[in-house]
Amino acid sequence: MGSKIKIKYHDIIEKPILDNHFSTTLYYGSDILLKNSITTIKSKVPLYISANDPFGVLELNYFEKDKTYYYSIKLLKPINSVTVNEPENSILSSKKQTWISISTDETYEKINETLVSKYENLIHQQIPDELLDDLQALKQQKLKTDIEIIDNVTSLIQNKITYLGDWKKIDAGIYPRTMEDIIDTGYGDCKDYSLLTIASLRYLGLSARFALVNRGEVIQEYSDKTLPSINNFNHAIVYVKGFDEKEYWIDPTNNISMTNGLFPDIANRKALILDTEGFIFTQIPNIDYKKSKIVSIFKYDLEEDLIYVKKDITLEKEAAIMFTGLELFTSKDIIEDSIYNSFLEDERSIPKSQRVKSVIPNLNSRIVKNIDFSFEYILDNPYLVSNLGKLLSLSSNYSFISPPEDSVNDIYIGPPITVIKKYIFNTKINGIDKLNSTLSTPWIDLNRKAYISKDGESIIEQQYIIKKSFLSFEDRQSEQYNLLKKGFDKSFKGLFLILG
């Protein structure tokens, strides 16, 4: 308690990651209470400096003398941007933090030139015989579409090597090894996977290039104040233009293949495409929530002291990632447990003694495709007792809509997706139409329709759509958010069915 630390240090970099490039970002108060700070920079080349100073706590000075450039950054008053007791999967926006971006470059032109020359030299080396034989076999298959070619190539490479990074050398952090080294050792990191993928796709006639991204689902947005830096990226992927000029963003480092979709940890972020004709700094598209779907039909046969439940589930596009290829890595028993646990309502867990039947397809392919499965089980003593009669609870896991009022972080909702649930009950539930409700916002849509069918069954159809991955602090100050919260608390926070 009461301790103070004063630090003065020299950081000497003998060899930069990239020749003729220097860049860094200085953060103030992001992880501690910072009371005093003076940063001085002496450079033989002019530097570009960009400040994000929302609280006006920094003073920047610059002068030139004897062909040397001097920069000074002084903290004018204490700063602390550390957030505590924030919701899980949330992050403080970079707009609310104090930082300085410093770079020798105003654009990515020089970074592109440095990287692309070495990358292209590696791509044009001879493809190792072990890989070449497999590529020739793929050629003989006469694959017709971009998607078929790319999925087969990425699956092939995933079967050839295992992910393992070796970054003991400085160059190893930014440049791939040779294709021969990668195949001989049987391992590689994201750059190595991308190198093999690009060389293979070009051999099969597709246009493929390296692209750099900042990978991760819960990460800072890319600020317009951020200057060009190799440190803005942590992952190499592959950019492909198909025969019909359609664009594909391929991450071959994953242990599954998904050409006709986007992995959530690279979707909707900036990417630097390395091109011999000049850099391309662009935005990867977001996941299309209209195509990434979980469609469920839950049939409940209600009896006196138990419920017989049958569930049919379809996972489409990106929603199928979670179960694709699982048989390659785990047992069928574990897969069955995972399916039950992923699609229960409020049942918590279903012991094997209450499981009646499971229909699970083969999950031994690395290629992401739509998945259908079903399972049946018995619930013992499932009802709650009230003065209104027996109650049945259905889940509503949307707690992010009501974070603590003093929360300042941006809250990660999840990747864009449409979740459709249809509940069928073998009994008539009086007043079920009162459950009808609709909410539409820029971030999520919630819709519920309830009715009695011609056969006398009670039907509840729910649709839940995530349109944006983050619910920002600014979003939560809007009138639209207030309407969302009120509507959610009134109609969607919990659902109890009175069965009489």
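Numerical summary
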read-out	value
Residue match in the stretch 378-400 (condition: of a type in the set (Asp, Glu) and free of Cβ contacts under 8 Å to residues at least 24 places away in the same chain)	no
Leu92 being over 30 Å from Arg177 (Cβ atoms) and outside the structural domain of Leu328 (by TED's automatic domain parsing)	yes
Residues of the stretch 255-275 classified as of a type in the set (D, E, K, R) and within 9 Å of Asn286 (Cα to Cα), total	1
Residues within the stretch 286-310 that are within 18 Å of Tyr464 (Cα to Cα) and not in a loop (DSSP other than H, G, I, E, B), tallied	6
Count of residues meeting criterion [on the phi < 0 side of the Ramachandran plot, among the polar types (S, T, N, Q) and within 37 Å of the chain's Cα centre (by Cα)] in the stretch 1-24	2
Tally, over the stretch 44-67, of residues that are at pLDDT below 95 and not in a loop (DSSP other than H, G, I, E, B)	4
Pick from the stretch 343-367, criterion in a loop (DSSP other than H, G, I, E, B) and β-branched (Val, Ile, Thr), ranking: modelled with the highest pLDDT	Ile360
Subset of the stretch 466-493 that is among the small types (Gly, Ala, Ser) and part of a helix (DSSP H, G or I) - its residue that is nearest to Ala267 (Cα to Cα)	Gly487
Residue match in the stretch 233-240 (condition: touching a residue at least 12 places away in the same chain (Cβ under 8 Å) and either surrounded by fewer than 15 Cβ atoms within 10 Å (Cβ to Cβ) or farther than 29 Å from Asn286 by Cβ (or both))	yes
Candidates Asp410, Asp445, Asp489, Asp475, filtered to the one that is acidic (Asp, Glu) and surrounded by fewer than 16 Cβ atoms within 10 Å (Cβ to Cβ)	Asp489
Unique match (being out of contact with any His (no Cβ under 8 Å at 6 or more places or on another chain), surrounded by 13 or more Cβ atoms within 10 Å (Cβ to Cβ), modelled with pLDDT of 95 or more and not aliphatic (A, V, I, L, M)) among Glu120, Glu106	Glu120
Leading residue by the ranking (farthest from Gly261 (Cα to Cα)) among those in the stretch 349-374 that are out of contact with any helix residue (DSSP H, G or I) (no Cβ under 8 Å at 6 or more places or on another chain) and among the basic types (Lys, Arg)	Lys352
Candidate set from the stretch 292-338 (those that are of a type in the set (A, V, I, L, M) and more than 22 Å from Ser349 (Cβ to Cβ)); member that is farthest from the chain's Cα centre (by Cα)	Leu328
Residues located in the stretch 170-224, provided they are under 30 Å from Ser93 (Cα atoms) and over 23 Å from the mean Cα position of the chain (by Cα)	none
Test: residue in the stretch 73-81 that is farther than 29 Å from Asp275 by Cα and within 26 Å of the chain's Cα centre (by Cα)	yes
Checking Ser72 against (1) part of a strand (DSSP E or B); (2) touching a residue at least 60 places away in the same chain (Cβ under 8 Å); (3) of a type in the set (Gly, Ala, Ser), the condition it does not meet	(2)
Pair list, Cβ under 8 Å, 6 or more apart: the stretch 1-28 residue touching a residue at least 24 places away in the same chain (Cβ under 8 Å) and exposed (fewer than 10 other Cβ atoms within 10 Å of the Cβ), other residue in a loop (DSSP other than H, G, I, E, B) and not polar (S, T, N, Q)	Lys15/Ile170
Criterion: among the β-branched types (Val, Ile, Thr), within 21 Å of Tyr300 (Cα to Cα) and either at pLDDT 95 or above or not assigned by TED's automatic domain parsing to the domain that holds Ile266 (or both) - qualifying residue of Ile459, Ile413	Ile459
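The values are calculated or read from the model by the stated rules, or taken from the named source; none is laboratory data. Please read these numbers as outputs of a predicted model, since none were measured by experiment. Virtual Cβ from ideal backbone geometry, glycine too; neighbours counted across all protein chains shown.
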